[in-house]
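Structure, as structure tokens:
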Amino acid sequence: MKNATITNISKPLQPIMVAVALTFLTACGGGSDSPTTPEDVIPPTPVPQPELDHSGLTPLKADTIDDTEYLSGGDATVFVADEDAFSTRPNPIADDFTLDGNFTSGDHIFRTPHDGAGPLLNTSNCQGCHLNDGRGVLPSNIAQPFTSMLVKIGDGSGAPDPVYGDQLQTFAEQSFSTSDFASGWPRFNGSTNGDVLLGEAYTYIEFAEVTGSYPDGTSYSLRSPVYKTKDLSFGEFTADIRFSPRIAPQVFGVGLLEAIPEQYILALADEDDTDQDGISGRASMVTDVLTNKPRLGRFAYKAQAPSVLQQVAGAYRGDIGITSNIFIEEPCTNLQTACLNQAERETNAAGQADISDLELAQVEFYNRVLGVPARRGFDQVNAQWNADVAAGRQAFFETGCIGCHTPRHVTEEAAGSVLGEIAFSGLEENAAPIDMLSNQTIYPYTDLLLHDMGGSCTVTRETKDEVSCTSGEECMYVQRCDGLADDLVQGMASGTEWKTPALWGIGLVQTVNPDATFLHDGRARTIEEAILWHGGEAENSLTAFKQLNQNQRAQVLTFIESL
């Protein structure tokens, strides 16, 4: 054999390489007097590589629960299952004097009405929407305005309305700065002259009961929403308007979701459904306003925000009318003279933020480190799971629900705030990473991707008696939708796509707030109803869930409620 030499080996030989090298040397007479032929050389058996999931871990099995799964948030897990389940600081925060102080400061700002709120707004503080750090609630009747939910709007392409922008603010500032709550409510054409500022428009939801039954004959009833918008203070909407009412979600766990490496989430995307399972998760790429570069969207119902900081700052501006150095413009469009005039009269000078970078960093920190409730149903003493929880988990896996609700993720180092390190004297450069959020194995049950959930919507003009109309004070905008669609395009998300919500803590939603309901607009009164509204990419899983017997369905619900 010619040129059978091995040179320039700079790394230790692996076992297979050694075997091949020895074979070559043997064939050249280096280890035996017996000549061999190429036919005598037996190639080494490939070493099988273990299958790994998107995080580089051995995949979870449907019929085996890891003992650590009860620690939903890793080191950020809290063992609280009462009304404070979403508001608790984890031990690594409580045990550190400085971090505990930062948490307390952020909590105070989160719950306190802000000076400079408005001119237009939905609420006066973060807690006004995120009740007890949990979900908002639907009004009890149509005479009550939305106070912990809002309405996103846009035309058929997703462009903002030229007068109203991309979100309706129900109130003007006097609703919260005076004792007369109704004084800032919308009134038909009430602000068109530019001399009186009122809330933009009033939306309410009416429900129609829709009945159905499982294959085994068990009946169910769902609430199908109809969205109605009236009392437009600044004139009519653009001709092709769409509406998306959204209830405020719970806020804990976001720091952990932010710390999942982007490549791990992108590994779950399957836009062309190459595995032909009917599920085609898409990444929502959005612009980071601080760097002007594209990043993966992770937060809000359609994954519009790439970071906790951008989500918080956006909510301050859009929901409360509080400007920051991230979003410095007031929530007024150029065609809202009354709003612009009122903004000029605010205490802060034009271009000066209503909330400081330090305060914003404190609220960002508070949101990032709120504890994640531990799973229920696990006996830590005997290391055993409740039998119904285990059976329900297996059915959840086998019906394909984990195709979107990815159970487990691993975080990387959680960088400190880009605003700076919170210190007694203010913000300092080079914020330290948050150790509690770093390198954690967590169980949020989401892939953070967009999924087409099916359905469609139509918008009409009608009176309260459902008579067709074209204009006037009694002529409302009415949107009816099939399925979960809202028909509103936001960034890369279509009118039928939603980001998979995390399921951790879902079983405590109505413990934290007994009036809370489920899904983006609160239509589902129970977790079971929320499941039954699934469609589109989730249609196969919904069908599989319906085909379970009554006891098996109950076990699935028991499992979800344990999360």
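The values are calculated or read from the model by the stated rules, or taken from the named source; none is laboratory data. Model, not experiment: these values are computed from the prediction. As a convention, Cβ positions derive from the backbone with ideal geometry for all residues, glycine included, and neighbour counts pool all protein chains shown.
Across region 268-282, not a single residue is classified as part of a strand (DSSP E or B) and of a type in the set (A, V, I, L, M, F, W, C). Within region 396-403, identify whether any single residue is more than 20 Å from the chain's Cα centre (by Cα), at pLDDT 95 or above and among the polar types (S, T, N, Q), and answer yes or no. Checked region 396-403: at least one residue is more than 20 Å from the chain's Cα centre (by Cα), at pLDDT 95 or above and among the polar types (S, T, N, Q). Cβ-Cβ contacts under 6 Å between residues 6 or more apart (or on different chains), taken from a first residue in region 433-455 that is free of Cβ contacts under 8 Å to residues at least 40 places away in the same chain and at negative phi to a second residue that is outside any strand (DSSP E or B) and not small (G, A, S), are listed as P433/E413.
Examine region 478-488 for a residue that is free of Cβ contacts under 8 Å to residues at least 40 places away in the same chain, crowded, with 20+ Cβ neighbours inside 10 Å and in a loop (DSSP other than H, G, I, E, B), and state whether such a residue exists.
For region 478-488, residues free of Cβ contacts under 8 Å to residues at least 40 places away in the same chain, crowded, with 20+ Cβ neighbours inside 10 Å and in a loop (DSSP other than H, G, I, E, B): present.
Scanning region 282-337 for residues that are surrounded by fewer than 23 Cβ atoms within 10 Å (Cβ to Cβ) and under 19 Å from C404 (Cα atoms) yields R282, A283, M285, L296, A300, Y301, Q304. If you go through region 497-517 and pick out every residue that is among the hydrophobic types (A, V, I, L, M, F, W, C) and in contact with a Pro (Cβ under 6 Å, 6 or more places away or on another chain), you end up with 3.
Looking only at residues in region 450-477 that are touching a strand residue (DSSP E or B) at 6+ places or on another chain (Cβ under 6 Å) and among the hydrophobic types (A, V, I, L, M, F, W, C), the one that is nearest to V410 (Cα to Cα) is L450.
Applying the selection to region 103-153, what residues are in a strand (DSSP E or B) and under 24 Å from F207 (Cβ atoms)?
M149, L150, V151, K152, I153 - these are the residues of region 103-153 that are in a strand (DSSP E or B) and under 24 Å from F207 (Cβ atoms).
Check every one of the helices (runs of 4 or more DSSP H) wholly within region 513-563 and list those with 3 or more residues that are in contact with a strand residue (DSSP E or B) (Cβ under 9 Å, 6 or more places away or on another chain) and at pLDDT 95 or above. The qualifying helices (runs of 4 or more DSSP H) are 527-532.
Between Q552, Q547, the distinction of being surrounded by fewer than 18 Cβ atoms within 10 Å (Cβ to Cβ) and in contact with a helix residue (DSSP H, G or I) (Cβ under 6 Å, 6 or more places away or on another chain) belongs to Q552 only.
Residues that are more than 26 Å from G74 (Cα to Cα) and of a type in the set (D, E, K, R) within region 255-284 comprise D270, E271, D272, D273, D275, D277, R282, listed in sequence order. Got a sec? Which of F327, F365 is among the aromatic types (F, W, Y), part of a loop (DSSP other than H, G, I, E, B) and closer than 28 Å to I247 by Cβ? Of F327, F365, the one residue that is among the aromatic types (F, W, Y), part of a loop (DSSP other than H, G, I, E, B) and closer than 28 Å to I247 by Cβ is F327.
When region 410-443 is filtered for residues that are within 20 Å of the chain's Cα centre (by Cα) and assigned to a strand (DSSP E or B), the ones remaining, listed by number, are V410, T441, I442.
Of the residues in region 167-192, how many are in a loop (DSSP other than H, G, I, E, B) and touching a residue at least 24 places away in the same chain (Cβ under 8 Å)?
11
To keep it simple, each residue is scored yes or no on (1) at pLDDT 95 or above; (2) exposed (fewer than 15 other Cβ atoms within 10 Å of the Cβ); (3) of a type outside the set (A, V, I, L, M); (4) in contact with a helix residue (DSSP H, G or I) (Cβ under 7 Å, 6 or more places away or on another chain).
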{"site": "P407", "(1), (2), (3), (4)": "yes, no, yes, no"}
{"site": "E413", "(1), (2), (3), (4)": "yes, yes, yes, no"}
{"site": "G416", "(1), (2), (3), (4)": "yes, no, yes, no"}
{"site": "E421", "(1), (2), (3), (4)": "yes, no, yes, no"}
{"site": "L427", "(1), (2), (3), (4)": "yes, no, no, yes"}
{"site": "A431", "(1), (2), (3), (4)": "yes, no, no, no"}
{"site": "L437", "(1), (2), (3), (4)": "yes, no, no, yes"}
{"site": "T441", "(1), (2), (3), (4)": "yes, no, yes, yes"}
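Summed over region 256-280, residues that are farther than 19 Å from P59 by Cα, touching a strand residue (DSSP E or B) at 6+ places or on another chain (Cβ under 6 Å) and either small (G, A, S) or crowded, with 20+ Cβ neighbours inside 10 Å (or both) total 1.
Across region 118-137, which residue is farthest from G199 (Cα to Cα) among those that are of a type in the set (A, V, I, L, M) and surrounded by fewer than 23 Cβ atoms within 10 Å (Cβ to Cβ)?
Taking region 118-137 first, the residues of a type in the set (A, V, I, L, M) are 120-121, 131, 137.
Those still in the list that are surrounded by fewer than 23 Cβ atoms within 10 Å (Cβ to Cβ) too: 131, 137.
Working: L131: 22, V137: 20 Å.
The selected residue is L131.
Residues in region 227-259 that are out of contact with any Lys or Arg (no Cβ under 8 Å at 6 or more places or on another chain) and either among the aliphatic types (A, V, I, L, M) or modelled with pLDDT under 95 (or both): L232, A239, I241, V251, L256, A259.
Which residues, taken from region 230-247, are under 29 Å from E528 (Cα atoms) and not small (G, A, S)? Result: R242, F243, P245, R246, I247.
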